[in-house]
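The values are calculated or read from the model by the stated rules, or taken from the named source; none is laboratory data. A quick note: this is a predicted structure, and the numbers were derived from the prediction, not measured. No Cβ is skipped: glycine too gets one built from the backbone with ideal geometry, and neighbour counts run over all protein chains shown. Note: areas computed on protein heavy atoms with side chains; ligands, DNA, RNA excluded. Shrake-Rupley method; radii C 1.70, N 1.55, O 1.52, S 1.80 Å.
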Amino acid sequence: YLITSITPQNFREAPVKISHAVSLTPFNYDALFNANIGLANRMRKITGEMEPNPFTAEEHETYYQYTVVIDIENIGKIDVYINKNSSVGTGKEKLKIEEIRNEDKLKFILKKNKGKESKTIEQSDSVKKVVFEELEKDLVHVLYSLRPKDSEDPVKERIIKLVKVILNLKRSIKGREEDLSPKLMVVGIYKNKPYKTYKDRMSLIDEYCEEEYDEVTEEPLENGRKIKIKHVVSKSKKPVFEVKINSAEKEELSEDEVINFINEIFDENKNEIGRVKVFYDPSVKCEIK
């Protein structure tokens, strides 16, 4: 986000980045031409005119892939740069920073430009001051971080909440409740190392899964019974995904297993770097190559 009401302007880059969802199959521009005839007909009784609003709805039933990158070092942290004697806007008021007190709790003393009345803004109890430094030209740099409470790590709590949202994602699309929870997840944990992307290593081999089995039937005869064996090949709507990862561990896509894997980020005894694990839903077939 960008804060424009102070000098200099402050901005913060999102610690969680989400890429565009890309289809795993080609889109052939299947679309429906619609119009709100029912609403337009009701409006005709009031206005005497019928003005339908035609629109096109695109349809594409397939699987999509996207990437979520979480920068753990920047979650719950914010850098603030502010000039002394600069003006700030708080609602309808325009106040001037008269003094910045570097105490246990950072305090900003604000004053109206044409008055003697002053106002104090104190550091919130939910954050702690990590850095306070006075730079050139009356510029002050402050780094805030979330304060742990009740011996719980707020950064870990926020990451787990985000992962749980992804695992149980639902959305109402044009009046329909759609399930957007993942069928396949590649989860990687990296410490002090650039992450790897697996976008080009995941592919949809087939939208249907072939199953082969022998069907045994018995037919009664005059001198006994005849056993007939028929080899059957059937297709079920069970997609087959291929993931090109060396020595990957593969587990079913259960919320507890994913959260346990995420917990290893905060385990000081775990020294593994670049560890990757593949989670998949039982309704799909995942082949590791």
Task: Simple label model, 7 Å out from Cα along Cβ direction - K17 to V131, nm - done: 2.0 nm
Open item on the list: Given Cβ point charges of +1 (Lys, Arg) and -1 (Asp, Glu) and nothing else, what value in debye, to the nearest 20, does the dipole of the stretch 105-197 about its Cα centre take?
Closed with: 260 debye
Open item on the list: Under a crude label model (7 Å from the Cα following the beta-carbon direction), how far is K156 from E210 in nanometres?
Closed with: 4.8 nm
TODO: With 24 Å as the limit, write out which pairs from K156/K289; K161/K277; K17/K96 have Cα-Cα distances beyond it, or answer none.
DONE: K156/K289; K17/K96
Open item on the list: Report for the stretch 124-277 the percent antiparallel among DSSP-assigned beta bridges with both residues inside it, nearest 5.
Closed with: 95 percent
Open item on the list: Using a Förster radius of 30 Å, what is the FRET efficiency between H60 and T197 based on their Cβ-Cβ separation? Nearest 0.05, please.
Closed with: 0.80
Open item on the list: Charges on Cβ only, +1 for Lys and Arg, -1 for Asp and Glu, centred on the Cα centroid of the chain; of P148, F27, F279, which one is farthest towards the dipole's positive end?
Closed with: P148
Open item on the list: In whole percent, and with a 1.4 Å probe on the protein chains, what portion of the accessible area of the stretch 107-179 is carbon and sulfur?
Closed with: 48 percent
TODO: Hey, can you grab everything whose amide H is under 5 Å from the amide H of I245? Only 5+ residues off in sequence or another chain; H modelled, so Pro and N-termini drop out.
DONE: K289
Open item on the list: Let's see if you can work this out: charge +1 on each Lys and Arg Cβ, -1 on each Asp and Glu Cβ, no other charges. What is the dipole magnitude of the stretch 1-108 about its Cα centre, in debye to the nearest 20?
Closed with: 660 debye
- [ ] Of the listed values [x] 36; [y] 19; [z] 56, grab the one calculated as percent of Cα pairs over 32 Å apart from the structure here.
- [x] [z]
Task: Top of N168, N36, N102 by mean-square fluctuation, Gaussian network on the chain, Cα under 10 Å - done: N36
Open item on the list: Highest mean first, how do 47-58, 70-81 rank when packing is the count of other Cβ atoms within 10 Å averaged over residues?
Closed with: 70-81, 47-58
Task: Packing-based order for 227-233, 157-163, using average beta carbon neighbours within 10 Å, highest first - done: 157-163, 227-233
TODO: Set Lys and Arg Cβ to +1 and Asp and Glu Cβ to -1, take the dipole of the chain about its Cα centre, and tell me which of M185, T62, I100 lies farthest positive.
DONE: I100
Open item on the list: If packing is taken as the average count of other Cβ atoms within 10 Å, what order do 9-18, 255-264, 23-32 fall into, highest mean first?
Closed with: 255-264, 9-18, 23-32
- [ ] Find which of V16, Y213, I288 sits farthest along the positive direction of the dipole of the chain, computed with +1 on the beta-carbon of Lys and Arg, -1 on that of Asp and Glu, about the Cα centre.
- [x] V16
Task: In nm, spacing of pseudo-spin labels at S234 and Y29 (7 Å Cα→C-beta vector) - done: 4.0 nm
TODO: Give me the accessible area per residue for the chain, probe 1.4 Å, as a whole number in Å².
DONE: 72 Å²
Open item on the list: About the Cα centre, and with charges only on the beta carbon of Lys, Arg (+1) and Asp, Glu (-1), how big is the dipole of the chain? Nearest 20 debye, please.
Closed with: 1620 debye
Open item on the list: Compute the distance from the alpha-carbon center of the stretch 228-261 to that of the stretch 2-70, in whole Å.
Closed with: 32 Å
